[in-house]
Amino acid sequence: MKAAELFVKALEAEGVKYIFGVPGEENLDLVEALRTSSIELIVTRHEQAAGFMAATLGRLTGEAGVALSTLGPGATNLVTAAAYAQLGAMPMLMITGQKPIRQHKQGLFQLVDVVDMMQPLTKYTRQIVSAATIPARVREAFRRAEEERPGAVHLELPEDIARDDVAEPMLLPTEYARRPAADPKALERAAAAIRAARRPLLMIGAGANRQRTAQMLRAFVDKLGIPFFTTQMGKGVIDEEHPLWLGNAALSDGDFVHRAIDAADCIINAGHDVVEKPPFFMHKGRRTVIHINFSPAEVDSVYFPQLEVVGDIAGTIQALHDALQPQPHWDFDFFARVRDALNRHLREHADDERFPIHPVRLVAETRKAMPDDGILCLDNGMYKLWFARYYRARQPNTVLLDNALATMGAGLPSAIGARIVHPHRKVVAVCGDGGFMMNAQELETAVRLGLDLVILLLRDDGYGMIRWKQADMGFADFGMSFGNPDFVAFAEAHGARGHRPQTPGAFAAALREALDAGGVHLIDLAIDYADNHRILDEEIRRLSAAL
């Protein structure tokens, strides 16, 4: 058999069901091998989008998604997606083609050292120089991608190696080592610190966004009555309608949740990753911070935990759950005041009738329309802060946002990946007009695949988040505006349905219709960000400071 066929068999042995990518001259042997395999090749319109789709599959399943490109420009187009997966802890394998390495006749045409380029962006990157090594290289790539902490890996398959004849070697077994249990003495110290605290507080980060971990954390909170808050990427680990939820650390400081953080004398940090913007700044001696994660803390000037419990997060939380009982000296009265004030504030503007739509009304109507297991895939823009703060996630991994690389352009590809993983759940891509246009071509991919998908396109004709920061720094409004196409016509030109509601009520009706009708729908919705500074920079700070 050809080496390319062996490569595909190794992918099948890993359980790969989909490969997202763009074919090229240098990977045609691999494409031909895929033609007769059990793996579905999903052709995308850009390699970056293919990487975002593959990373999202990995994020939702824990199994590495696979993206395919050719050499040179195809491979360089995967760079942003590699960083997206690596920083966001999403398991993904990138396969790139390359010129023949034994002999070629094209000089330096399209030649880039892709393996070296991927070195700082991946956990593992290798060129395959012998067909006989394919089973071992593929097995190692998947092992590295999926083990904690998950991330991006890369294999380069040169054209001449792909065409080599090879006897079929034995494929390697795909068994995985169990995650390590935490050290008993570390668990004892953590339990003692929680018992001794007066105001313990639980913080939930991205690393806890796993099904079993979510179950253990819910049991921990329900038994002990310890209030909790989440980072942006920890949304939904515990139902945010829970009476002990204190909000999301969407803002860097000055929010209601930061008053709770300031009051806490022990923060139990489950699954926070330092690639996320820190939800609080540590100060020496003010409180005990307990780091609970699969790996030790990466200590820096804003995060230096006093106690570390390293091991499987779910197992650690279960052990603490079993070791602890509610303590009579725990005092959660101030946290209750924070929660009541937060809930009152979150309700403001939920019925605002102004148009273009107010961000809080947007979030409220979206929450009403989405089922509890529906998935929101947020691109990166101003709306991400409003959704992170105001949208109450009911289940894990139902709000897919990126607060690690925080790249624009991932919203629509991520939604396509989520819909492929969960074909029976409602999926909505929430995109700004800036981010949407960075990968708008994937609208054709969604239509071609026959997906049921809603794209909520928020139009403010500019780079809204940067404009907000610009105003906050006292600069004049400059360099943030652009023009837009007729998005309804754009959608319909691709075979999708377009909607342009002109009132908040019409938006709510259009969203419900799009979710129920099936097919690909794009809702072009004008949004008013005039309250960004007043609410996010002034009002919240003033109200929270008054507690």
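The values are calculated or read from the model by the stated rules, or taken from the named source; none is laboratory data. Model, not experiment: these values are computed from the prediction. Using ideal geometry, Cβ is built from the backbone for each residue, glycine included, and neighbour counts are taken over all protein chains shown.
Here is the figure for the range 20-69: residues that are assigned to a helix (DSSP H, G or I) and among the polar types (S, T, N, Q) total 4.
Which of the residues that make up the range 308-364 are at pLDDT 95 or above, over 30 Å from Thr503 (Cβ atoms) and charged (D, E, K, R)? Across the range 308-364, the qualifying residues are Asp322, Asp331, Asp333, Arg337, Arg339, Asp340. Residues of the range 214-250 that are part of a loop (DSSP other than H, G, I, E, B) and touching a His at 6+ places or on another chain (Cβ under 8 Å): Thr231, Ala249. Note on the range 261-292: residues that are at pLDDT 90 or above, surrounded by fewer than 18 Cβ atoms within 10 Å (Cβ to Cβ) and in a loop (DSSP other than H, G, I, E, B) total 1. Filtering the range 403-416 to residues that are among the hydrophobic types (A, V, I, L, M, F, W, C) and part of a helix (DSSP H, G or I) leaves Leu412, Ala415, Ile416.
For the range 455-501, what are the residues that are charged (D, E, K, R), touching a residue at least 40 places away in the same chain (Cβ under 8 Å) and surrounded by 13 or more Cβ atoms within 10 Å (Cβ to Cβ)? Once the filter is applied, which keeps residues that are charged (D, E, K, R), touching a residue at least 40 places away in the same chain (Cβ under 8 Å) and surrounded by 13 or more Cβ atoms within 10 Å (Cβ to Cβ), the range 455-501 yields Arg459, Asp460, Arg467. Checking each residue in the range 384-402 for being hydroxyl-bearing (Ser, Thr, Tyr) and in a loop (DSSP other than H, G, I, E, B) picks out Tyr391, Thr398.
Scanning the range 358-383 for residues that are more than 12 Å from the chain's Cα centre (by Cα), outside any loop (DSSP other than H, G, I, E, B) and not acidic (Asp, Glu) turns up Pro359, Val360, Arg361, Leu362, Val363, Ala364, Thr366, Arg367, Lys368, Ala369, Met382, Tyr383. Of the numbered criteria (1) of a type in the set (D, E, K, R); (2) touching a residue at least 40 places away in the same chain (Cβ under 8 Å); (3) assigned to a loop (DSSP other than H, G, I, E, B); (4) over 30 Å from Ala546 (Cβ atoms), the one Glu308 fails is (3).
Take the conditions assigned to a helix (DSSP H, G or I), farther than 25 Å from Ala440 by Cβ, in contact (Cβ under 8 Å) with a residue 60 or more places away in the chain and aliphatic (A, V, I, L, M) and apply them to Ile101. Does it pass? No, not satisfied.
This table checks each residue for (1) assigned by TED's automatic domain parsing to the domain that holds His521; (2) at pLDDT 95 or above; (3) not hydrophobic (A, V, I, L, M, F, W, C); (4) not in a strand (DSSP E or B).
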| position | (1), (2), (3), (4) |
| --- | --- |
| Ala418 | yes, yes, no, yes |
| Pro423 | yes, yes, yes, yes |
| Ala440 | yes, yes, no, yes |
| Leu457 | yes, yes, no, no |
| Lys469 | yes, no, yes, yes |
